[in-house]
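**Student:** Please see the structure below; I have some questions.
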Amino acid sequence: MTKTLKLYTNGEWVDSSNPSMQNILNPANQEVIAKAPKATKEETEEAIKAAKDAFESGVWSERTPLERAEVLLQIADKMEENLDALIELEVENNGKTKREAESDATDAANTFRYYAGLLNNSSGEILETDEELQTMIVKEPMGVAGLIVPWNFPLLMSVWKIAPALAAGNSIILKPAEITPMTVVKVFELMDQTDLPKDVAHLLMGSGSIVGQTITESKDVDIVSFTGSTEVGRTIMQAATGNLKKISLELGGKSPNIIFDDADLDTAVDHALFGIFMGSGQVCSSGSRILVQEGIYDEFITKYAESAKRIKVGPGNDEASEMGAIVSEKHMESILNYIQIGKEEGARLVCGGNRIERDGMDNGFFIEPTVFADVTSDMRIVQEEIFGPVVVIQKFKDEEEAIKLANDTDFGLAGGVFSRDQQKAMRVIKKVRAGITWVNTYHLTGVQAPWGGYKQSGIGRSLGTYGLDEYQETKQINISTDPKPIQWFN
Ligand code: NAD
């Protein structure tokens, strides 16, 4: 039977007063797996008020770091006990492969552990600012954090926000993407089984234009942490001006992966495949533009296309599948449209380019790994984020041209360099205007490292100590060591 999801607010699972429901589909076969509520503006405002009251009551915001750490560890334990369920739900709802979902679920549990660890080591600063003054620097929670997440990593992106926001002592309102609420609902079910006070965390499913917009405009929300498209990021920035709330934006990318003549070719081909086809290319940091030096350009393309054609596309729950489904029909159509644009722009289609509707994929949203070569910087498929299994390959002459091409987009999220010459690789990677970069590898990173973009790929950083800072205010407390009148006047 199709599951009917509910909103979670004040520790209760409740129906929305809005009778309209969102069908939640499995993109591998279009089966309806659940129906999700669409919260109203009033319900969103009530949840924000409850979160604010919880914050002001101090029930969580005034707990000691060690007490908060203990609860984060309880959540991590619960997630680990329920890892299989989380993996299954993520595969079913997002379309990704089991291997990908397993990596996400494990990373998500570790994110709670990491922030618990930071709390266990939390400390402030004391400055000797004046002869008769000591200045303490302390971090405090901000208040209500509005957390808005996309559909491509429903579980991991939610946890990247929930864990540091709660660690800092905030109350939270989370809004998942309309089409992928399943794993987030599970996380809230698990949090409900811990000692997290009931009115601190609220989950609201619903549309961006109602729930998202209400959160962003609310004067009672102190920070909006948003992950999603650059286009919506711009709307968020404008809507947040009412109370000048802090915003943290993790946005789109069109990241360059630079392969020099002297790279180990097999390593470069392997990582450049992983760089774009992991997650069916629906990954913000995908290496979606491969720049290859002229000496190995043809050889690289031949090897790369041979490997791309061998990628086993299929339903995520099939252990043999290496690349899963596209998240929705709408998004699949958008990717296929970009493939058509690429052909019309004169790019050379080396392989792929089609929807797959055979071998158990008849009713799902699957696209072949697609490789375009001989592209130029003025093409839309080189400039715009396609967010699918489509990669463009461009030729460059020398180091200078590689850097110029690499930086020639509005985005600045990620980038990679492949070369056996370590000094050259370092020289080049330092000139790539992006926040997340790799040398002779791609995509690998850790919860300890700051995640975020330059240029139109975002503002602020997730993860690491930087991620905790996003959800904290910094206060100076100046203490006189010798209290007496200063006699400025008279
Ligand atoms: P999206 O921008 O369409 O939606 C993201 C979220 O914003 C959803 O929950 C949506 O309902 C909500 N939203 C929509 N309109 C809103 C509004 N007016 N006010 C408030 N909220 C609103 O993005 P998507 O299609 O779900 O995700 C794909 C995008 O996310 C890609 O561009 C990708 O690069 C980006 N992304 C970035 C990172 C990163 O770390 N930089 C990570 C993952 C995804």
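The values are calculated or read from the model by the stated rules, or taken from the named source; none is laboratory data. This is a predicted model, so every value here is computed, not measured. When we count neighbours, we look across all protein chains shown, and the Cβ atoms used for this are built from the backbone with ideal geometry, even at glycine. Side chains included, ligands, DNA and RNA excluded: accessible areas come from the protein's heavy atoms. Shrake-Rupley method; radii C 1.70, N 1.55, O 1.52, S 1.80 Å.
**Student:** Packing-wise, with mean Cβ within 10 Å as the measure, how do 457-468, 368-379, 341-352 rank, highest first?
**Tutor:** Per-residue Cβ counts within 10 Å, averaged per peptide and sorted highest first, yield 457-468, 368-379, 341-352.
**Student:** Sticking with this structure for a sec: Tell me the label-point distance for the pair residue 377, residue 294, using the 7 Å Cα-to-Cβ offset, in nm and rounded to one decimal.
**Tutor:** Output for this residue pair reads 1.7 nm.
**Student:** What FRET efficiency, computed as 1/(1 + (r/R0)^6) with R0 = 56 Å and r the Cβ-Cβ distance, is obtained for residue 128 and residue 23, rounded to the nearest 0.05?
**Tutor:** Working: r = 62 Å, r/R0 = 1.11.
In this case the efficiency is close to 0.35.
**Student:** How many angstrom lie between the Cα centre of the stretch 211-239 and the Cα centre of the stretch 308-376?
**Tutor:** One Cα centre to the other: 32 Å.
**Student:** I've got another one for you. Return, ordered by residue number, the residues of the stretch 291-309 whose backbone nitrogen is under 17 Å from a label point located 7 Å along Cα→Cβ of residue 358.
**Tutor:** Label zone hits: 309.
**Student:** Suppose R0 equals 30 Å; then what is the FRET efficiency for residue 490 and residue 140 from their Cβ-Cβ distance, rounded to the nearest 0.05?
**Tutor:** Efficiency computed from Cβ-Cβ geometry: 0.25.
**Student:** Between helix 265-277 and the chain, what is the angle of the helix's C-alpha long axis to the longest principal axis, kept within 0 to 90° and rounded to the nearest 10?
**Tutor:** The two axes meet at around 60 degrees.
**Student:** Another question about this same structure. Would you grab the residues whose amide H sits under 5 Å from the one on residue 396? Only those 5+ places off in sequence or on another chain, please, with H modelled 1.01 Å from N.
**Tutor:** Here the answer is 292, 293, 294, since their amide H atoms fall under 5 Å of that of residue 396.
**Student:** Of 343/455; 38/330; 395/431; 219/254, which ones are farther than 26 Å apart at the Cα?
**Tutor:** 343/455; 219/254
**Student:** Then there is this: Give me the distance between the Cα centres of the stretch 152-167 and the stretch 413-490, rounded to whole Å.
**Tutor:** About 19 Å separates the Cα centre of the stretch 152-167 from the one of the stretch 413-490.
**Student:** Taking H as built 1.01 Å from N, whose amide H comes closer than 5 Å to the amide H of residue 417, not counting residues under 5 places away?
**Tutor:** 258, 438, 439, 440, 441
**Student:** Taking the stretch 229-324, which trypsin sites (Lys or Arg not before Pro) meet the DSSP loop condition and have no more than 11 other C-beta atoms within 10 Å?
**Tutor:** For trypsin sites (Lys or Arg not before Pro) across the stretch 229-324 that sit outside H, G, I, E and B with at most 11 neighbouring Cβ atoms in 10 Å, the list reads 312.
**Student:** With N denoting the number of residues in the stretch 256-439, provide Rg(C-alpha) divided by 2.2 N^0.38 Å, to two decimal places.
**Tutor:** After normalising by residue count via 2.2 N^0.38 Å, the value is 0.99.
**Student:** Determine the relative contact order of the chain: mean sequence separation of Cα pairs under 8 Å and six or more apart, normalised by residue count, in whole percent.
**Tutor:** Dividing the mean separation by the residue count of the chain yields 18 percent.
**Student:** Taking the Cβ-Cβ separation of residue 106 and residue 476 as r and a Förster radius of 41 Å, what is the calculated FRET efficiency to the nearest 0.05?
**Tutor:** 0.55
**Student:** How large is Rg/Rh for the chain, to two decimals, with Cα atoms and a Kirkwood Rh?
**Tutor:** Reported Rg/Rh, Kirkwood definition of Rh: 1.01.
**Student:** In whole Hz and in residue order, list the ³J(HN,Hα) couplings for the stretch 394-408 that follow from phi through the Karplus curve 6.51 cos²θ - 1.76 cosθ + 1.60, θ = phi - 60°; x for Gly and Pro.
**Tutor:** Result, rounded to whole Hz: 10, 8, 9, 8, 9, 3, 4, 5, 4, 5, 4, 5, 4, 8, 8.
**Student:** While we're on this one: Please identify every one of the chymotrypsin sites (Phe, Trp or Tyr not before Pro) in the stretch 382-426 that sits in a loop by DSSP and has no more than 10 other beta carbons within 10 Å of its own beta carbon. Walk me through the numbers on the way to the answer.
**Tutor:** On the way: sites: 387, 396, 411, 418; in loops: 387.
The qualifying sites: there are none.
**Student:** Follow-up question, since we're still on this one. Once label points are set 7 Å from the Cα along Cα→Cβ at both residue 46 and residue 309, what is their separation, rounded to one decimal in nm?
**Tutor:** Inter-label distance under the simple model: 5.9 nm.
**Student:** Can you tell me how much longer the chain between residue 195 and residue 237 gets when fully stretched, taken as 0.36 nm per residue apart minus their C-alpha distance, in nm with one decimal? Don't skip to the answer; put the middle values down first.
**Tutor:** Details: separation 42, 0.36 × 42 = 15.12 nm, distance 3.43 nm.
Between residue 195 and residue 237, full extension yields 11.7 nm more.
**Student:** Could you give the accessible area per residue of the chain, probe 1.4 Å, as a whole number in Å²? Display every interim value, and only then the final one.
**Tutor:** On the way: 20980 Å² over 490 residues.
About 43 Å² of surface per residue is accessible.
**Student:** Could you work out the relative contact order of the stretch 256-439, using alpha carbon pairs under 8 angstrom and six or more residues apart, expressed as a whole percent?
**Tutor:** On the way: 344 pairs, mean separation 51.6, N = 184.
Across the stretch 256-439, relative contact order equals 28 percent.
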